[in-house]
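Each remark here refers to the structure printed beneath this line.
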Amino acid sequence: MNTTQTIIAIGFTALCAVSLAIAWRVIRSTSEKSRRTPADLEKIRERENVYAVGVVVALFALLAITIFSTPYGKSADGGSQQVNVDAFQFGWTISPTEVKAGESVEFNLRSKDVQHGFGIYRGTELIAQSQVPSNRPGSDSEFGQRQDLVWTFDEPGTYEVLCLEFCGVQHQGMQGSFEVVP
Amino acid sequence: MEAGTARAGAMPATATIEEARVRALVARYFYATTAIFLVAGALGVVMRQSQADIFPIEDNFFYAAMTAHGLGTFMAWGAFAVMGFGFWVLARSGFEMRPLGYRLADATWWVTVVGTAGIVVTTLLMGFAGSWVFLYPLPFFSAGQWGDAATGIFAFSVLLVGVGILTWCTAILHTVAGPSNPSERGGALNRIAVGLGIGIVFPRLFPVRGGETPYPVIPLTVIAVDMLIATLPLAALLVIMIAQVIDPSITVDPLLAKNMLWFFGHPVVYLLLFPAVAVYYLLIPQYAKRPLAAANVIGIAWVIGVIANVIIWAHHMYLDYPADTFQSVINVAMQPLTFSITLVSAISVYSLCATMYKSDFEWNPASGFLIAGLIGWFTAGLSGVVNATIALNVDVHNTLWIVGHFHHMALLNIGAVIFGAAYAFVPELIGKRWYSQKLGWWHLWLTMIGGYGNSIIWYIQGLNGGPRRFSVLPESYDALSQLTLPFVVLVALGQLVFAYNVIQTMRGRRRANDDKPVLADTRQIGLVTGALALAVLVPGFLVALDRLPDREPVQAAAPGPEKALSPEAQAGEELFTTTCGSCHAFSAAGTSGGIGPDLDSLPLTQERVLAAIENGGTGSGQMPANLLSGADATAVAKYLDEAGG
């Protein structure tokens, strides 16, 4: 797991635990002797508005924290190293296959046929990914639209590429690799 | 169609359909959903065991089964179950069906049955394996696995289902706009506005008899309006695809096609959820024996919901941002819009919990399933918020996390509500009591324990980078895939118990002395939940933390006898494995791709290989020309020459 995936794992587990605890409390309450009077129901309705405001505030907070971290801005900056990635059913042509660590890389992703997904892996860790736009059938150009993924690799080594958009019968066999050198 | 339906047209506009006929109609929807669900579910078991490498199935059959499973469970639940129960919820909320609505409801059933049959035939028999999203232009790039005829018939079948959705929406709106609507002003528009819950927000503009809008009508009206809007672009896309089968020069821009698909694809998920919410609004107050504890804010949430639902599709396309397009702007705008639609769920869950809290709640398999579904709704919603956030989506997009999310949502929320509704409604529909309550409780616990085990493992595999829609997963995920199997068996057992219970109930049987619930005591529930958490989470996270062993490269599968290779040929070997191996089997390199010719059975010379690389495939024309060029092409040719037999 990378950092974001670890945050997701912990956050999701914690929030699920809290909701299960609340569900437990609500379920238990149905076997209690003291039934609520109608007046309490009115109170519940008032609290519903407070709760709704709380949900909105929480969503705005999540929005404020995350909305500036999109993959789109980065691609506009370009990278100091260029790598052409051509996807096809069912393989990758990556050139050059060697990039330097610590310097940003701009992957120029193009597809000869259907939509593919360019997923960069180290072992079982998904490092980065982007979609590869498909080519229009019968089009005169060899490739569809270009999409860029900009990434900086800190650790040297072999990185593997898997296809992350279902593209047909050999989707699972569509693998590639490149080297990151110091 | 029955003779009675035809006669109905001659009746005056105020005539209503007798309740007995509505019951029979909804029962027919229930039988269809149960049959299709069992078949589609069985396909799921076949796929998961194949991924766990027990009895592996052929790649294209895996993907065809995946297509049938995805669309099949949708037909079962999104079409037949929620559609049929939707009519019954309206009937029970005081909205009487009129002749036109009945005829549309009847037509919806038939059209959807035919569409479903077409999907089954094109996927399982004709090999169409484009996945349920049939992402354009994939249906036309089948790599020789299915023909354009299969694509055409498939597109036509899905179009029929789309027509079914449109007729259902019209039937719902026709019933909502009828005279039994409590709008004081009357008239179709006022009545639909009241159906949308606008009377709660603006009580003076849209006065309601008795001052209370019947809550169950709101989600049904909202989704009927939205699906009318959302289905039309999909229908257009399908018509273009059918046209392309006939005349290949008719094509559509792939990015536009993807937007059209998801413009439908998002709301159609809510075609599952919103009618389920209607079931909740009807049944939870019934079991809690008090009215729904809802404030005006629930009306505001639904007004936001009906609008937001059709303008948030791009959250399925967060990683599509081709150069020189506006897609990234659309994507960014749709994150806050997507957040806004969670209000409907968040507030509904609160109202339902508040209604239930400290009530004299009646526990039975129906209410048990509904409450289990409520927990599934909220927790699956949490993983949905992760997916809806661009910064987090980047790290889970198209991984098994997503598969975990929608099975959590589909089985443990929607499925649970549908089962709950079945236990509540079937006796009303067919006039027979359930064969066994106890088997209902077993169904509940087997489904929940199996379902959560299943989804939690997918979540863990996904956060560890496990890719989605792989017939064969990289080896490092095998341990967890195998750990899933006992849970898959539990889910399957649960559904067999359900099927048996349905059949016995239809036969009018009753099981004696079985009213004592299974695991209905809260202490037992806690024990089971805790055991489940330990059984899945602990090994799961141990495996995850231990940084599963790195994936074995594909060529390790079956290396042939080693031959001494020149340095150039060695470079060629690497290029061959990455560029050619996924389509060509070649034992020296250990590749086993089955698309192109088996290179072990061909005499390989440098010239021949170079020519093939330069010109592309001469057979079925699948291999593109010039995949490699210059020194790379020569290296591969040298390698095949030296390593070949």
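The values are calculated or read from the model by the stated rules, or taken from the named source; none is laboratory data. Note that the structure is predicted; figures quoted are calculated from it, not measured. Methodologically, a virtual Cβ is constructed for each residue, glycine included, from the backbone with ideal geometry; neighbour enumeration extends over all protein chains shown.
Side notes on the structure shown:
- Applying the criterion of being assigned to a helix (DSSP H, G or I) and either facing another protein chain (nearest Cβ under 7 Å) or modelled with pLDDT under 95 (or both) to the residues of segment B:386-400, the residue that is nearest to B:L411 (Cα to Cα) is B:V386.
- Scanning segment B:580-619 for residues that are of a type in the set (S, T, Y) and over 18 Å from B:Q145 (Cα atoms) yields B:S587, B:T591, B:S601, B:T605.
- Counting only residues that are at pLDDT 90 or above, of a type in the set (A, V, I, L, M, F, W, C) and in a helix (DSSP H, G or I), segment A:39-89 holds 14 of them.
- Residue in segment B:424-441 that is of a type in the set (V, I, T) and farther than 23 Å from B:V297 by Cα present: yes
- So B:Y318, is it touching a residue at least 60 places away in the same chain (Cβ under 8 Å), crowded, with 24+ Cβ neighbours inside 10 Å and under 21 Å from B:G78 (Cβ atoms): no
- The residues of segment B:313-342 that are of a type in the set (D, E) and under 25 Å from B:D226 (Cα atoms) amount to a single one, B:D320.
- Residue count for segment B:135-147, restricted to those that are assigned to a loop (DSSP other than H, G, I, E, B) and at the interface with chain A (Cβ under 10 Å from one of its Cβ atoms): 9
- Residue check for B:A64: touching a residue at least 12 places away in the same chain (Cβ under 8 Å), buried (at least 23 other Cβ atoms within 10 Å of the Cβ), within 14 Å of chain A (Cβ to nearest Cβ) and touching a helix residue (DSSP H, G or I) at 6+ places or on another chain (Cβ under 8 Å): yes
- Cβ pairs under 6 Å, 6+ apart, first in segment B:161-190 and without any contact (Cβ under 8 Å) to a residue 24 or more places away in the chain, second among the hydroxyl-bearing types (S, T, Y): B:N190/B:S183
- No other residue among B:V394, B:V403 is surrounded by fewer than 24 Cβ atoms within 10 Å (Cβ to Cβ), in contact with a Gly (Cβ under 8 Å, 6 or more places away or on another chain) and among the aliphatic types (A, V, I, L, M) apart from B:V403.
- The test for being out of contact with any helix residue (DSSP H, G or I) (no Cβ under 7 Å at 6 or more places or on another chain) and within 14 Å of chain A (Cβ to nearest Cβ) does not hold for B:L125.
- Across segment A:121-130, the number of residues qualifying as of a type in the set (S, T, N, Q) and under 11 Å from the mean Cα position of the chain (by Cα) comes to 2.
- Of all residues in segment B:38-48, none satisfies being charged (D, E, K, R), part of a helix (DSSP H, G or I) and at pLDDT 95 or above.
- Candidate set from segment B:470-480 (those that are aliphatic (A, V, I, L, M) and buried (at least 20 other Cβ atoms within 10 Å of the Cβ)); member that is farthest from the chain's Cα centre (by Cα): B:L480
Per-residue answers, yes or no, for (1) closer than 21 Å to A:I8 by Cβ; (2) surrounded by fewer than 23 Cβ atoms within 10 Å (Cβ to Cβ):
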{"residue": "B:W434", "(1), (2)": "no, no"}
{"residue": "B:L439", "(1), (2)": "no, yes"}
{"residue": "B:N454", "(1), (2)": "yes, no"}
{"residue": "B:I460", "(1), (2)": "yes, no"}
{"residue": "B:L463", "(1), (2)": "yes, no"}
{"residue": "B:Q482", "(1), (2)": "no, yes"}
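- Filter pass, B:A276 being hydrophobic (A, V, I, L, M, F, W, C) and either within 23 Å of A:G117 (Cβ to Cβ) or within 12 Å of chain A (Cβ to nearest Cβ) (or both): no
- Among the residues of segment A:133-152, at least one is of a type in the set (V, I, T), more than 23 Å from B:E574 (Cβ to Cβ) and surrounded by fewer than 19 Cβ atoms within 10 Å (Cβ to Cβ).
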